[in-house]
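The values are calculated or read from the model by the stated rules, or taken from the named source; none is laboratory data. Keep in mind it's a predicted model, so treat the numbers as computed, not measured. Cβ coordinates were reconstructed from backbone atoms using ideal geometry, including for glycine residues, and neighbour counts include every protein chain displayed. Accessible surface is based on the protein model in full, side chains and every heavy atom, while ligands, DNA and RNA are left aside. Shrake-Rupley method; radii C 1.70, N 1.55, O 1.52, S 1.80 Å.
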Amino acid sequence: MQSIPAIDRRHFLASLLAFGSLPFFDSIAEAEVAAASSGDDALVRWWPIQKRPASVIRTTPIEDLPVVHGEDGQQSQGTFGALSMLLQSLSGLAAQAVNEGRSDELIWIETNHPAYRRWYRETIERTGIVDQGQLDVWKLLARCQQRNLVKGYVLMRLDRSEGAEHQVRDKSDESVNVATALCGVLGAILVDESLEEQVRELGFEKLADARQISLAECFETYRDQFNRSLILAQDPRKPFMRELSIAHRCLVIHGQAKPVPQILSWLKPLSSVLGWNAGDEGAQVRQFSEYGHVLTVSDWAHGIPLLSVAYDEQKLPQVGGIDPAKIDWSWQGPCHAMVMSDGDNVQWALGDLTETSRREFWDDPTHGWLPFSWTTPTIPLAQAAPVVADYLARTRKRNVSLVEFGGGYIFPDCFGRRRDEADLLDQYAIRLAAWMKATDTRVLSLLVWDIDSEKAQRAYQTLARRMPDLVGMIAIEYSPYEGGEGRVFWVDNGQGSQLPVMTCRYALWAQSNRPNTGSPSEVAAMVRRDLTAATKPEDQLAWTIVHAWSWFRNADQPEEEEVRQQGAERRGARRGHVVAHWSQEKLGDEVRSVTIEELLWRLRMAKDPERTRQAIHSEE
């Protein structure tokens, strides 16, 4: 493996203050050519760039959209209705026109969620974009018509099939996904059957009938016009992210059957998959990973075209961390870290992570009372919604660690297996390493299919050599999360030191019925029992994954903590950060709570004191 050139971090950051200067390349090879020609170490985006407009117009909140009555007696309204789909296409066409210099105004699809209202205000304040007020759907359509943004419409039919979301439903209507793809290349709006007569009366021409076109036919007919570096995976019931897909002329898939494998093979390596696919989670992530693509969970995300706009004074968020010289090294006893799950979830970070009426996560009143660690998609957010990434970095408590969740949701031990191109994981590590360094992110979290396999070991080695300055990595087995049983793998960083890959040992997880998992008091009891009985220093160190969606009650006995998950809130249960806080309080004085970053430093000190002290000295 080639040696990695040293990066002058100050020069590196100074040359990249505005994200507008960061390219969205079709391939890593193009990025490397551009970097070599520019003389700088380029940050390669895997979220697309949105050019800055002069102004933005807001829509009616999607939760308040009126009822639409179809000729067949069916009704649709609000977030998942026909008007919501229409708004997504208008926003997408506006964003596309701004990127191509045909317009200077974006559309913000309003939502009542308090976090999104904050991101909107901050983005407007920082960019200087002018807020032109709010229009209802039909006035907005007329405005876009006057500006020649709409060439016609694609007819589709809302999916009303039976079955759960995120699943492949036998009779699901996929016409909205085909229509979304066509809208991007035809310059059209999404029109459900219930709206067609009204849209025709306004003078719009039907350009295609997606009810009669399969995804395979759409792909074969227009493949030369679709984006080969970006794709959307989305349930046909959901309107979200279609605006971004239309803006960048993306195909939209649902499920893993044909023609999805053919599409994934056609995409350029290291393409971005936005949204969330149908079917088993492991199967879909593995399929994307094997074809060498990176999933970013975003199927409920709002407003990315506006939120991804750059602003002049914008700097990369600085995650930072602890000063290892200030660790209380006099403490030689057991140490334990709590780490929140689901850091791959961009939509959660945009919404409920930071602000909800229940105050469950980042806004939990107990957040920061005790050391805690969060897996987060900070690097994807730095590209897709920089105000959010900056908020997390800026409001991070002193005793809180932010851990980058892989740069996206991949299984590194399966990555690129179905491609002919060699070393795709190494190429992915190159671009991720640049962002890790530029954002001062020090710990990397990995979700791995088979945590101690030979392929996994090679993946750890690849990542360590490309990111030699990491404090360490943490690894979670896909199923079960705590399957690594706390084992530590040591990998050469290519600079004479070894980095730890520390696996998850315990899981704070409701009704799991697995060893090393349980309620807040059960996990605390296991941690106390195991770590205080250990004789080797490295065996006194462990961490627990906190399942973000598990509900518990605050009690002293496990049987009183456990609660039926459905309707748990009505029975006085809580979830999120406070649940981990309850468990930490039950550890007592024998086990010290620390951040995952401190835990990794302590692990390195136990393994190799001399080199660790040298590394600490170099940090000063």
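Descriptive notes on the structure:
- Check on residue 413, at negative phi, free of Cβ contacts under 8 Å to residues at least 60 places away in the same chain and assigned to a loop (DSSP other than H, G, I, E, B): no
- So residue 564, is it among the basic types (Lys, Arg), in a loop (DSSP other than H, G, I, E, B) and free of Cβ contacts under 8 Å to residues at least 24 places away in the same chain: yes
- Residue that is nearest to residue 575 (Cα to Cα), among those in segment 361-392 that are open to solvent by 20 Å² or more (accessible area, probe 1.4 Å) and part of a helix (DSSP H, G or I): 391
- Of all residues in segment 219-246, those satisfying the criterion of being surrounded by 24 or more Cβ atoms within 10 Å (Cβ to Cβ) and part of a helix (DSSP H, G or I) are 242, 243, 244, 245, 246.
- Pairs are defined by a Cβ separation below 8 Å, a sequence spacing of at least 6 or placement on different chains, a first member in segment 594-610 that is under 11 Å from residue 322 (Cβ atoms), and a second member that is open to solvent by 30 Å² or more (accessible area, probe 1.4 Å) and of a type in the set (Val, Ile, Thr); the pairs so defined are 595/322; 597/322; 598/322; 601/322.
- Just one of the listed residues (485, 522) is over 18 Å from residue 584 (Cα atoms), of a type in the set (D, E, K, R) and open to solvent by 10 Å² or more (accessible area, probe 1.4 Å), and it is 485.
- Which listed residue is surrounded by 22 or more Cβ atoms within 10 Å (Cβ to Cβ), under 19 Å from the mean Cα position of the chain (by Cα), assigned to a helix (DSSP H, G or I) and hydroxyl-bearing (Ser, Thr, Tyr), from 428, 460: 428
- Selection over segment 111-139 of residues that are among the basic types (Lys, Arg) and either within 20 Å of residue 241 (Cβ to Cβ) or surrounded by 14 or more Cβ atoms within 10 Å (Cβ to Cβ) (or both) gives a count of 3.
- Looking across 492, 469, 450, one residue alone is acidic (Asp, Glu), over 27 Å from residue 517 (Cα atoms) and in contact with a strand residue (DSSP E or B) (Cβ under 8 Å, 6 or more places away or on another chain). It is 492.
- Whichever residue in segment 527-561 is among the basic types (Lys, Arg) and part of a helix (DSSP H, G or I) and, among such residues, is least open to solvent (accessible area, probe 1.4 Å): 528
- Those residues of segment 140-157 which are outside any strand (DSSP E or B), crowded, with 17+ Cβ neighbours inside 10 Å and of a type outside the set (Lys, Arg), in sequence order: 140, 141, 144, 149, 150
- Qualifying residue in segment 350-358 (condition: open to solvent by less than 10 Å² (accessible area, probe 1.4 Å) and either closer than 20 Å to residue 439 by Cα or of a type in the set (S, T, N, Q) (or both)): yes
- Close contacts from segment 184-207, counting a first residue that is under 12 Å from residue 145 (Cα atoms) and modelled with pLDDT of 95 or more and a second that is aromatic (Phe, Trp, Tyr) and open to solvent by 10 Å² or more (accessible area, probe 1.4 Å), with Cβ to Cβ under 8 Å and a gap of 6+ residues or different chains, come to 189/204.
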